[in-house]
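Written out below as structure tokens is the structure these notes cover.
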Amino acid sequence: MIMVLCLLIYSYAEWKLRRKLKEAEESVPNQPKKPTMRWIFQLFMRVTLIIVTKGQHVIRRQIRLSETQNLVLKLLGQDCKKYYGLEC
């Protein structure tokens, strides 16, 4: 049952990304027609996240976000952008 739920979420994310790319008339390199979530997940494996703690404050900074990664995050919505520290 858990695997079915995971596949449902995976398929929904892929559908949402493809729909947003089509609406924005954009494409991602190496996958111009129908990008797969497997490729997108591999693309985000290169992201480096630095977490610095100053007293009670936690500062999160990501480095090495490419234009393609920024485009994907923009299309997937505020929650994804917030996760990567692009929204306050």
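The values are calculated or read from the model by the stated rules, or taken from the named source; none is laboratory data. Please read all numbers here as calculations on a predicted model, not as lab measurements. Glycine also receives a Cβ, built like all others from the backbone with ideal geometry; neighbour counts cover every protein chain displayed.
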Return the total of residues in the stretch 30-88 being aromatic (F, W, Y), out of contact with any helix residue (DSSP H, G or I) (no Cβ under 8 Å at 6 or more places or on another chain) and modelled with pLDDT under 80.
1
Return the pair list, or none, for Cβ contacts closer than 7 Å from residues in the stretch 1-26 that are surrounded by 11 or more Cβ atoms within 10 Å (Cβ to Cβ) to residues that are of a type in the set (S, T, Y) and at pLDDT below 90, at least 6 apart or on different chains.
E14/T36; L21/S27
The stretch 54-68, subset basic (K, R) and exposed (fewer than 10 other Cβ atoms within 10 Å of the Cβ), residue farthest from R38 (Cα to Cα):
K54
Might you check whether a residue that is of a type in the set (V, I, T), assigned to a helix (DSSP H, G or I) and surrounded by fewer than 14 Cβ atoms within 10 Å (Cβ to Cβ) occurs anywhere in the stretch 29-39?
no
Condition first: of a type in the set (V, I, T) and closer than 12 Å to V72 by Cβ. Now tell me which residues in the stretch 36-55 satisfy that.
I40, V47
So is L71 touching a strand residue (DSSP E or B) at 6+ places or on another chain (Cβ under 8 Å), in a helix (DSSP H, G or I) and surrounded by 11 or more Cβ atoms within 10 Å (Cβ to Cβ) or not?
yes
Pairing a residue in the stretch 32-59 that is in contact (Cβ under 8 Å) with a residue 12 or more places away in the chain with any residue that is exposed (fewer than 10 other Cβ atoms within 10 Å of the Cβ), where Cβ atoms lie under 7 Å and the two sit 6 or more apart in sequence or on different chains, gives R46/R64; V47/R64; T48/I63; T48/R64; I50/I63
